[in-house]
Amino acid sequence: MLRRFSNVLLVAAVATLACAQTGWSWNGTGHRVACAIAWDNLKPDVRTRVIALLLKHPQYGQYLEDTKAATPEEAGRAAFITAGTWADLVRSPVGKNRLYNHPVWHYADYPFLVGPMPEGKTPEAPDAEWKPDTDPANNLQAIQKCQAQLQDPTASDEVKAVAMAWLFHLVEDIHQPLHAVSLFSQEFPTGDRGGNLLMVNAEGNVLNLHALWDGMLGRDEELKVVEETATRAVKANPREKLAEQIKITDPKVWAQESFGLAKQVVYQEGKLPYVARKKYDDNKQIQVPELSKEYLESGRTLAIERVTLSGYRLADELNRLLAPAGTGRVPATEAARH
């Protein structure tokens, strides 16, 4: 069943992404599936708090509201699922979107060195520690800022709603392997931007590597399809199967997981067949080596697992951050020790 599920999604993803040029993060489908899984793992009182905050989101009516929902609970669930995509929706520099768009928050790229580097070129790992009152420089710092805002008793519900929507997206993004890596080599002395500068061939369709991985769960964002995909993903990856990984609450470890998977699975330890994007842009007739079916199938399996895991971890994080007072909420400073 999983293999059939994987193949159907792969065809849909590749067909839609054939002309894609720049990947951002898990696409809308991936983020929605993760949020659907997270919703089902929220505690009832936390779910109530989440819905109340979403209603205070400054762009609720523009992006999050489902005017066709039959009940308030359905409207809340739909808003929650859509909120995972909001940080990508505001990338369009229109009106107030500029206030909420933070391009560097979507990734925390650890360097993957392939072969000798040009003299004087030594890429550094991202600074994973956020300093209060500074603008986050990457995904990991942004997660810390959003966590702090959600637990700040002086922050308004509007500020918390924005922080919460960003947190959805950030947790999900850092589980996408190519959001925690940049490949450095003689050919890419400043990095490959998380696979954006590598063109690959997936079953006859040429696209950049990042876009391929963003769309591993398909491109259909209809709620019914998202729910069906989430159900199948959970069936393939139940909480008990991922129990040990779910216990890990440190985003820096999540990023290292993604980095390791990027090296091993995505880049094939530096042996992935590709054509540099610049060469392809200069000559669209250049032959791009085709990825094996084994690579695509294993990639699909991994992507489904990472999206599912991000949903579980997001729910647990919200259950911690938004637990009502007196119910055993763990302070952020103590939670960071685990």
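Of note:
- Gaussian network model of the chain, springs between alpha carbon atoms under 10 Å - residue of Asn283, Asn27, Asn139 with greatest fluctuation: Asn283
- Relative to the dominant Cα principal axis of the chain, helix 139-150 is inclined by about 10°.
- The chain - percent relative contact order, Cα under 8 Å, separation 6 or more: 29 percent
- Above-threshold pairs, the threshold being 31 Å between Cα atoms, out of Lys43/Lys145; Lys160/Lys235; Lys96/Lys241: Lys160/Lys235; Lys96/Lys241
- Distance from the C-alpha centroid of region 297-311 to that of region 37-75: 25 Å, rounded to the whole angstrom.
- Helix-derived mean residue ellipticity, 222 nm - over the chain, DSSP H n ≥ 4, -39500 (n - 2.57), to 500: -14500 deg cm²/dmol
- All-pairs Cα distance distribution in the chain, expressed in whole percent, bin size 20 Å: 32, 58, 10, 0
- Among His169, His102, His179: highest mean-square fluctuation, GNM of the chain, C-alpha pairs under 10 Å: His102
- Built amide H within the under 5 Å cut-off of Leu198, gap 5+: Leu209, His210, Arg277
- Helix 2-17 and the longest principal axis of the Cα set of the chain meet at an angle near 80°.
Values quoted throughout were computed directly from the atomic coordinates according to the rules given, and no laboratory measurement underlies them. Keep in mind that what you see is a predicted model, and the values were worked out from it rather than measured.
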